[in-house]
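Written out below as structure tokens is the structure these notes cover.
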Amino acid sequence: MELDIQCEEMSPSRWAELLTTMKSCKTIRLDDCNLSSSNCEDLSSIINTNPSLTELKLNNNELGDAGVEYLCKGLLMPSCSLQKLWLQNCNLTSASCETLRSVLSAQPSLTELHVGDNRLGTAGVKVLCQGMMNPSCKLQKLQLEYCELTADIVEALNAALQSKPTLKELSLSNNTLGDTAVKQLCRGLVEASCNLELLHLENCGITSDSCRDISTVLSNKSSLMDLSVGDNKIGDSGLALLCQGLMHPNCKIQKLWLWDCDLTSASCKDLSRLISTKETLTEISLIDNNLRDSGMEMLCQALKDPKSKLQELWVRECGLTTACCKVVSSALSTNKHLKVLHMGENKLGDAGVELLCEGLLHPNCNIQSLWLGNCDLTAACCATLATVMTTKQCLTELDLSYNPLEDEGVRKICEALRNPSCNVQQLILYDILWSAEVDDELRALEDSKPEVKIIS
């Protein structure tokens, strides 16, 4: 049994009602429910008395250090079987880390700890690392984004990595680590016995100087499948170094996020080689890099290679225009694996989307999710998009936000949604102006097809 509630103010009577339900829940999720430390005293009792409870998610609540202290009393009980604990953005400080250290040291059932968006600081996370080093700790996932960490944390992290072969996921994004610390972390990862599968280092002050060391991790850790270094200024030279590790036979990367990394079309030669030869790679994000049409053409040539197994391509805000749409269309008509295509924030125009639709309508194309927000589209291309919607039953998600479609365009899309052949389940239409009449039509459409979600 699951309890999953978000964004609900808890009155005393509602809370009492939920407590009865929680006694038999396997999963409890109460994000954004205005909970405080007083609620944690009750939750501690639930943790202690409900041995079937394995997941507790309390993100975005003002629990504070006092609340975590209450929770940990339950977590430390022998009857506790909790495996996953989410406390993101709960107004915690380093004071909570001593209590959480006790849980890590004493509770072998706990395999996931998510404490990002809290001001734990380097001193607090060093205390958590002490708990990780206890032989009883079997932690597999540790999320420490936005925790105000500095370069000084790496020595403690490396010591924990050395002693924790169970650790599979480490997220340190949005902390000011810098190149020197990241290099040190990479050396620790290469030496550690853990089979790390996920490493997130977004917005960590990384430049091309760190990329050779990250590349070494990629070539040595065949377990690493998910790497994110987005929002770091690694540039084309850094990408070239990363690709040395990515292309290594030992590397089994599946998901690669390189958004806002100061890449240009010069990087696309290496990226194309990666896409066309690394058959494990299924998802790549290149959002907010100035690849331009010439770079996109190289990527599309790679997508046409039979060895490419890419399923998701994110090229939002990459300086693309109508000029690249013919080669994208050709790639869509060739590649059977691509499921998700994000091309928003590019000046494709109606003519560009008409070209894309030729590829989308090809029998080989299996696109499920198509994002074309803010692409300078008007009602003129909506009839063709409607044809795609009614013809391609694989298409389940379509984003047309921030385009001046007006009543005429929105009506054409609605008409397609009404068609029994249309399988679109989520239509995203943010910031599009339409009349009250069209608004009534959209609401009526949602009523007649409850499986369809229109987000606006």
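The values are calculated or read from the model by the stated rules, or taken from the named source; none is laboratory data. Treat the numbers as computed from the prediction; the structure is a model and nothing was measured. Neighbour counts are summed over all protein chains in view; Cβ atoms, including those assigned to glycine, are modelled from backbone coordinates with ideal geometry. Protein only, heavy atoms only, side chains kept; ligands, DNA and RNA dropped before computing areas. Shrake-Rupley method; radii C 1.70, N 1.55, O 1.52, S 1.80 Å.
Among residues of region 423-436 that are touching a residue at least 40 places away in the same chain (Cβ under 8 Å) and among the aliphatic types (A, V, I, L, M), those with a Cβ under 9 angstrom from a residue that is open to solvent by 50 Å² or more (accessible area, probe 1.4 Å) and in a loop (DSSP other than H, G, I, E, B), sequence gap 6+ or separate chain, pair up as Ile428/Ser456. Would you mind stating whether Asn174 is under 30 Å from Asp262 (Cβ atoms), assigned to a loop (DSSP other than H, G, I, E, B) and either modelled with pLDDT under 95 or not assigned by the TED database to the domain that holds Glu62 (or both)? Against the criterion (under 30 Å from Asp262 (Cβ atoms), assigned to a loop (DSSP other than H, G, I, E, B) and either modelled with pLDDT under 95 or not assigned by the TED database to the domain that holds Glu62 (or both)), Asn174 qualifies. The residues of region 125-149 that are under 25 Å from the mean Cα position of the chain (by Cα) and polar (S, T, N, Q), listed by number, are Gln140, Gln143.
Do we have Gln130 as in a helix (DSSP H, G or I), of a type in the set (S, T, N, Q) and under 29 Å from Glu202 (Cα atoms) here? Yes, satisfied.
Is there a residue in region 321-337 that is in contact with a strand residue (DSSP E or B) (Cβ under 7 Å, 6 or more places away or on another chain), surrounded by 19 or more Cβ atoms within 10 Å (Cβ to Cβ) and not assigned by the TED database to the domain that holds Leu427? Checked region 321-337: no residue is in contact with a strand residue (DSSP E or B) (Cβ under 7 Å, 6 or more places away or on another chain), surrounded by 19 or more Cβ atoms within 10 Å (Cβ to Cβ) and not assigned by the TED database to the domain that holds Leu427.
Would it be correct to say that Leu427 is under 18 Å from Leu341 (Cα atoms), open to solvent by less than 60 Å² (accessible area, probe 1.4 Å) and touching a Phe, Trp or Tyr at 6+ places or on another chain (Cβ under 9 Å)? So Leu427 fails the test. On the stretch given as region 25-60, residues that are open to solvent by 70 Å² or more (accessible area, probe 1.4 Å), assigned to a loop (DSSP other than H, G, I, E, B) and among the polar types (S, T, N, Q) total 1. The helices (runs of 4 or more DSSP H) falling completely within region 361-456 that include 2 or more residues that are among the charged types (D, E, K, R) map to 406-418, 436-448.
Determine, yes or no, whether Cys97 is under 20 Å from Leu63 (Cα atoms), open to solvent by less than 10 Å² (accessible area, probe 1.4 Å) and in a helix (DSSP H, G or I). For Cys97, the condition - under 20 Å from Leu63 (Cα atoms), open to solvent by less than 10 Å² (accessible area, probe 1.4 Å) and in a helix (DSSP H, G or I) - is met.
Of all the listed residues (Asp209, Asp213, Asp236), the sole one being of a type in the set (Asp, Glu) and open to solvent by less than 40 Å² (accessible area, probe 1.4 Å) is Asp213.
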